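Comments concern the structure below.
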């Protein structure tokens, strides 16, 4: 049974990577300057994750994901104590040097492998739906799913944000949607 779950998780991660690659490929064609921002975001997330998990073993009983998008860093996942939440938040905030920072970790038990697979599948379904929409630029929206809660980040017009929230809310398995958007106001002059 565990082998089947691992295979399913691998398939979900592979599908999610394919969707990310499609979005990244489109970004290269349409916006070369965005590559530097994407690199900086990935680098900030990697540095923060290393500071939490590689440079020390104090947090081996936690399950924290560091995501960065448009200089906004979001921590999601599970910690064991309020002190760990505070310490990990400070480490990630100082290491990432983000413009905005959100520590959305919760205190509780680590999610099961089945829950992690389900979260990956939810993210993949939402990304696929966004790619299929003509009214949304999926490269401008980051999707994180943790324990059935979907976090949406990006700098988009309010109409795109509202539409992406509607898509996320109506996706099977989603329990809650958290918006972390900055809104673009486009006016005609």
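Observations on the model:
- In summary, residue 103 fulfils each of the numbered conditions (1) surrounded by 15 or more Cβ atoms within 10 Å (Cβ to Cβ); (2) at pLDDT below 95 with the single exception of condition (2).
- Residues in segment 136-173 that are within 27 Å of residue 63 (Cα to Cα) and assigned to a strand (DSSP E or B): 141, 142, 143, 144, 145, 146, 149, 150, 151, 152, 153, 154.
- Residue pairs whose Cβ atoms lie under 6 Å apart, separated by 6 or more positions or on different chains, with the first residue in segment 169-186 and modelled with pLDDT of 95 or more and the second assigned to a loop (DSSP other than H, G, I, E, B) and surrounded by 13 or more Cβ atoms within 10 Å (Cβ to Cβ), are 175/148.
- Number of residues in segment 87-116 that are under 20 Å from residue 150 (Cβ atoms) and either part of a loop (DSSP other than H, G, I, E, B) or under 15 Å from the mean Cα position of the chain (by Cα) (or both) equals 11.
- Residue 165, sole failed condition from (1) touching a helix residue (DSSP H, G or I) at 6+ places or on another chain (Cβ under 7 Å); (2) under 22 Å from residue 71 (Cα atoms); (3) surrounded by fewer than 21 Cβ atoms within 10 Å (Cβ to Cβ): (1)
- Residue in segment 27-37 that is surrounded by 13 or more Cβ atoms within 10 Å (Cβ to Cβ) and either modelled with pLDDT of 90 or more or out of contact with any helix residue (DSSP H, G or I) (no Cβ under 9 Å at 6 or more places or on another chain) (or both) present: yes
- Some residue of segment 1-10 being modelled with pLDDT of 90 or more and more than 22 Å from residue 131 (Cβ to Cβ): no
- Of all residues in segment 150-162 being touching a residue at least 60 places away in the same chain (Cβ under 8 Å) and buried (at least 18 other Cβ atoms within 10 Å of the Cβ), the one that is farthest from residue 134 (Cα to Cα): 151
The values are calculated or read from the model by the stated rules, or taken from the named source; none is laboratory data. For clarity, every value in this text was computed on a predicted model and none was experimentally measured. With ideal geometry, Cβ positions are generated from the backbone for all residues, glycine too; neighbour counts draw on all protein chains shown.
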